[in-house]
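So the structure is just underneath, and the comments pick up after that.
The values are calculated or read from the model by the stated rules, or taken from the named source; none is laboratory data. Note that the structure is a prediction, hence the values are computed from the model and not measured. FYI the Cβ positions are ideal-geometry reconstructions off the backbone, even for glycines, and counts take in every protein chain you see. The accessibility values were calculated without ligands, DNA or RNA, using every heavy atom of the protein model including side chains. Shrake-Rupley method; radii C 1.70, N 1.55, O 1.52, S 1.80 Å.
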Amino acid sequence: MAFVTTDDGAEIYYKDWGSPDAQPIMFHHGWPLSSDDWDTQMLYFLDKGYRVVASDRRGHGRSSQIGTGHDMDHYASDASAVVEHLDLHDAIHIGHSTGGGQVARYVAKFGQPQGRVAKAVLVSSVPPLMLQTDGNPDGLPLSVFDGFRDGLAANRAEFFQAVASGPFYGFNREGVELSEPVVANWWRQGMTGSALAHYAGIKAFSETDQTDDLTAITVPVLVLQGDDDQIVPYKDAALKQHELLSDSTLKIYEGFPHGMLTTHADVINPDILAFIQQ
């Protein structure tokens with residue numbers, strides 16, 4: 001397996017498939033998953049002739065279960081460590097959920113200043129801010145995230161099962177057929193990672209104000225989200241991202257859930273490809 005060691009000692013696992021001469025696409029996964037969550041997309045874009053790269057966030061998947069640095073700044077710097085190690089240029093960065101926050105921070109702080117980014121895609125992503133504050137009255141109350149923390153600390157395995165079999169993929173909606181293999185794969189990825197990283201990551205994805213990251217981004221960005229996202233409300237996420245970004249394309253999918261990259265890959269993948277090829 002391939003790893004990059006960061007300045008503070010985290011070992012970041014990554015995958016790198018395809019020709020080194022092809023345009024790279026780097027994928028950034030959501031909480032509490034791993035780069036395996038991008039299998040469908042990586043195979044799809046590899047088949048289209050791209051070089052596809054994905055890493056496991058620190059404390060997630062196969063990356064080391066380091067006890068520190070579980071915040072958006074470290075997430076972005078870890079991604080930059082992989083990019084610099086592989087010397088990626090003209091890259092497309094695609095992030096889902098917390099990974100979208102990672103993309104926004106990486107592009108604003110590292111990718112653009114280094115001239116390494118061509119475009120970005122935010123899918124069901126957390127920026128600009130999930131938490132309800134005086135300045136963000138449409139956000140979710142702190143009690144929601146405290147509930148996440150309580151559930152994880154009490155019984156992580158049970159909590160992850162409930163999230164995957166319920167709101168994440170919309171399996172709790174009437175008429176939606178639950179896929180046991182999809183739930184099992186989500187649970188497997190989550191349980192592979194560190195409970196500490198997952199616990200601390202809740203604060204990172206919910207309380208990090210990324211307004212400045214979004215306004216700093218000048219490369220073209222595709223913003224995608226379902227209007228039945230039960231994890232990240234789209235009106236406080238995708239719509240605000242589109243308002244803050246200087247060059248963005250917005251697409252809202254009727255009835256699609258938070259995990260639409262899995263449940264509706266047949267729709268999402270071609271839409272992302274069309275944006276990349278523009």
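Looking only at the stretch 28-38, decide whether some residue is among the polar types (S, T, N, Q) and either closer than 15 Å to residue 65 by Cβ or under 15 Å from the mean Cα position of the chain (by Cα) (or both).
Taking the stretch 28-38 first, the residues among the polar types (S, T, N, Q) are 34-35.
Checking the rest, the ones that are also either closer than 15 Å to residue 65 by Cβ or under 15 Å from the mean Cα position of the chain (by Cα) (or both) come to 34-35.
Checked the stretch 28-38: at least one residue is among the polar types (S, T, N, Q) and either closer than 15 Å to residue 65 by Cβ or under 15 Å from the mean Cα position of the chain (by Cα) (or both).
Right, residue 69: outside any helix (DSSP H, G or I) and either over 26 Å from residue 206 (Cβ atoms) or polar (S, T, N, Q) (or both) or not?
no
Could you tell me how many of the residues in the stretch 39-54 are open to solvent by 10 Å² or more (accessible area, probe 1.4 Å) and either under 22 Å from residue 194 (Cβ atoms) or in contact (Cβ under 8 Å) with a residue 12 or more places away in the chain (or both)?
8
Picking from 82, 103, 121, which residue would you name as being under 22 Å from residue 248 (Cβ atoms), part of a helix (DSSP H, G or I), among the β-branched types (Val, Ile, Thr) and in contact (Cβ under 8 Å) with a residue 12 or more places away in the chain?
When all the criteria are applied, what remains is 103.
What is the number of the single condition among (1) part of a helix (DSSP H, G or I); (2) among the β-branched types (Val, Ile, Thr); (3) open to solvent by less than 10 Å² (accessible area, probe 1.4 Å) that residue 267 does not meet?
Exception for residue 267: condition (3).
Out of the residues in the stretch 123-135 meeting the condition of being open to solvent by less than 30 Å² (accessible area, probe 1.4 Å) and not polar (S, T, N, Q), tell me which one is farthest from residue 194 (Cα to Cα).
128
For residue 108, state whether it is under 14 Å from the mean Cα position of the chain (by Cα), small (Gly, Ala, Ser) and closer than 23 Å to residue 238 by Cβ.
Taking the combined requirement at face value, the residue does not satisfy it.
Would you confirm, using the coordinates I've provided, whether residue 224 is surrounded by fewer than 17 Cβ atoms within 10 Å (Cβ to Cβ), modelled with pLDDT of 95 or more and of a type in the set (A, V, I, L, M, F, W, C)?
So residue 224 does not fit the description; no.
Out of the residues in the stretch 136-186 meeting the condition of being charged (D, E, K, R) and farther than 17 Å from residue 206 by Cα, tell me which one is least open to solvent (accessible area, probe 1.4 Å).
156
Please work out which residue is surrounded by the fewest Cβ atoms within 10 Å (Cβ to Cβ), limiting yourself to the stretch 62-119 and to residues that are farther than 16 Å from residue 217 by Cα and among the β-branched types (Val, Ile, Thr).
Of everything passing the filter in the stretch 62-119, 68 is surrounded by the fewest Cβ atoms within 10 Å (Cβ to Cβ).
Taking the stretch 196-221 on its own, how many of its residues are within 21 Å of residue 91 (Cα to Cα), under 16 Å from the mean Cα position of the chain (by Cα) and open to solvent by 10 Å² or more (accessible area, probe 1.4 Å)?
Matching residues across the stretch 196-221 total 1.
What pairs come out if I take residues in the stretch 7-30 that are open to solvent by less than 20 Å² (accessible area, probe 1.4 Å) and pair them with residues that are assigned to a loop (DSSP other than H, G, I, E, B) and of a type in the set (Val, Ile, Thr) whose C-beta lies under 8 Å away, six or more apart or interchain?
10/66; 12/6
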